[in-house]
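Notes follow once the structure below has been shown.
No value in this document is a laboratory result; all are computed from the given coordinates. Because the structure is a prediction, the values reported are computed rather than measured. Cβ atoms come from the backbone with ideal geometry, glycine included; neighbour counts cover every protein chain shown.
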Amino acid sequence: MRYAQGGGLTDERRVFREKLRLEAAARFIQGDENAVIAHNLRVKVRSVQRWRKAWSQGGPRALASKGPASLPLLSDELFTVLEQELTKGPVAHGWPDQTWTLSRIKTLIGRRFHRSYTVQGVAALLKRHGWSCQVPARRAMECDEAAVAGWMKQTWPQVEGPWRRSVPGSSSRTRPASR
């Protein structure tokens, strides 16, 4: 099963699903019906039907896991090289400032390894290897904290407006106050 976020089954979940399929194969031999097997294994009847068809054509080996749906484009060794490139900084790779963005990392991967990733794929790759989004450690030199605090205390409440109505409202269309 694949997900829109680019994920998939973990190794543990893949092993668990394989055990379910093999347990279903043992139940096929006993002659149990698909609906009973599906109820006992807590899966859909359609899944059991697919498993039974594969089992009847190829035996229990047809129900074995075939591994992950896709292999990562960058191996662990190549990711280590990517980390070394990232530590050099964006300026060393031709960008005007010291900010790594997902699109810049995507471009770097394309230039360095001749692999094509999407921006979401780069985010998943970095997250899989323990990286996270970071906010710059330094504040802008032009930032005046006292002015910001004053604006938040005096101006922002006027801009934001009240959270609730001062009198209770009505959602009824028959009451005149709601028209």
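Here is how the numbers come out for the structure above:
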quantity: Computed lengthening from Lys66 to Thr101, 0.36 nm per intervening residue step minus Cα-Cα distance; calculated: 9.1 nm
quantity: ³J(HN,Hα) computed for each position of region 87-103 - Karplus, 6.51 cos²θ - 1.76 cosθ + 1.60, integer Hz, glycine/proline x; calculated: 5, 5, x, x, 5, 5, 9, x, 8, x, 10, 9, 10, 8, 10, 4, 5
quantity: Under 14 Å, Cβ to Cβ, from Ala35 - net charge with Lys/Arg +1 and Asp/Glu -1; calculated: +3
quantity: Bins of 10 Å, starting at 0 and running to the largest distance - Cα pair percent for region 96-145; calculated: 22, 43, 21, 12, 2
quantity: Contour excess over end-to-end distance, with Cα ends at Asp76 and Lys19 and 0.36 nm allotted per residue; calculated: 17.7 nm
quantity: Lysines whose Cα lies under 24 Å from that of Lys19, excluding same-chain neighbours fewer than 8 positions away; calculated: Lys44, Lys53, Lys66
quantity: Summed residue charge, Cβ within 14 Å of Glu12's Cβ, Lys/Arg positive, Asp/Glu negative; calculated: +2
quantity: Net charge over other residues, Cβ less than 14 angstrom from the Cβ of Thr107 (K, R count +1; D, E count -1); calculated: +4
quantity: Contact order relative to length of region 5-136, as percent, for alpha carbon pairs under 8 angstrom and 6 or more apart; calculated: 20 percent
quantity: Pair Arg111, Glu145: separation of 7 Å Cα→Cβ label points (nm); calculated: 3.8 nm
